[in-house]
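Trainee: If you scroll down you'll find the structure; I have some questions about it.
The values are calculated or read from the model by the stated rules, or taken from the named source; none is laboratory data. No experiment lies behind these values; they were computed from the predicted model shown. Note that each Cβ is placed from the backbone with ideal geometry, even for glycine, and that neighbours are counted across all protein chains shown.
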Amino acid sequence: MSAVNSPMLLEQRLVKSDTASLQCSETSLCLSDDRDEIVLTRYIEHYSLDDVHWVERTHRVPVSALLKWMMSQGEALTVRQGQDGA
């Protein structure tokens, strides 16, 4: 991934559930390298005295599909209006 397309960090958490376990998680959003998809990545690490487990999940959606969904689901607001001429 290029520096221009670095992920936007949405959430970062550190949770200590007891004296012997720790969970770290991170959620980020970025564009794919070809800029055709938005990629949401969720990474979780769980540390304990016995072991370390981690998982990374990615969810991808085409930018065009997201924009179509936003236009169909969102509320259209008129921010500016004018008339040229006269």
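Trainee: Can we say Tyr43 is in contact with an Asp or Glu (Cβ under 8 Å, 6 or more places away or on another chain) and surrounded by 11 or more Cβ atoms within 10 Å (Cβ to Cβ)?
Mentor: The answer is yes for Tyr43.
Trainee: Then there's this: Would you tally the residues in region 33-81 being more than 30 Å from Asp18 (Cα to Cα), part of a strand (DSSP E or B) and of a type in the set (A, V, I, L, M)?
Mentor: Total satisfying the criteria: 3.
Trainee: Any idea which of (1) within 24 Å of the chain's Cα centre (by Cα); (2) surrounded by 11 or more Cβ atoms within 10 Å (Cβ to Cβ); (3) of a type outside the set (Val, Ile, Thr) is the one Ser48 doesn't satisfy?
Mentor: Checking Ser48 against (1) within 24 Å of the chain's Cα centre (by Cα); (2) surrounded by 11 or more Cβ atoms within 10 Å (Cβ to Cβ); (3) of a type outside the set (Val, Ile, Thr), the one that fails is (1).
Trainee: Further question: So, in region 5-28, of the ones that are surrounded by 14 or more Cβ atoms within 10 Å (Cβ to Cβ) and assigned to a strand (DSSP E or B), which residue ends up nearest to the chain's Cα centre (by Cα)?
Mentor: If we take residues in region 5-28 being surrounded by 14 or more Cβ atoms within 10 Å (Cβ to Cβ) and assigned to a strand (DSSP E or B), then Ser28 is nearest to the chain's Cα centre (by Cα).
Trainee: In addition: In contact with a strand residue (DSSP E or B) (Cβ under 6 Å, 6 or more places away or on another chain) and surrounded by fewer than 10 Cβ atoms within 10 Å (Cβ to Cβ): does that describe Met70?
Mentor: Taking the combined requirement at face value, the residue does not satisfy it.
Trainee: Follow-up question, since we're still on this one. Given the residues Val4, Val15, Val39, which is the only one that is of a type in the set (A, V, I, L, M) and at pLDDT 95 or above?
Mentor: Val39
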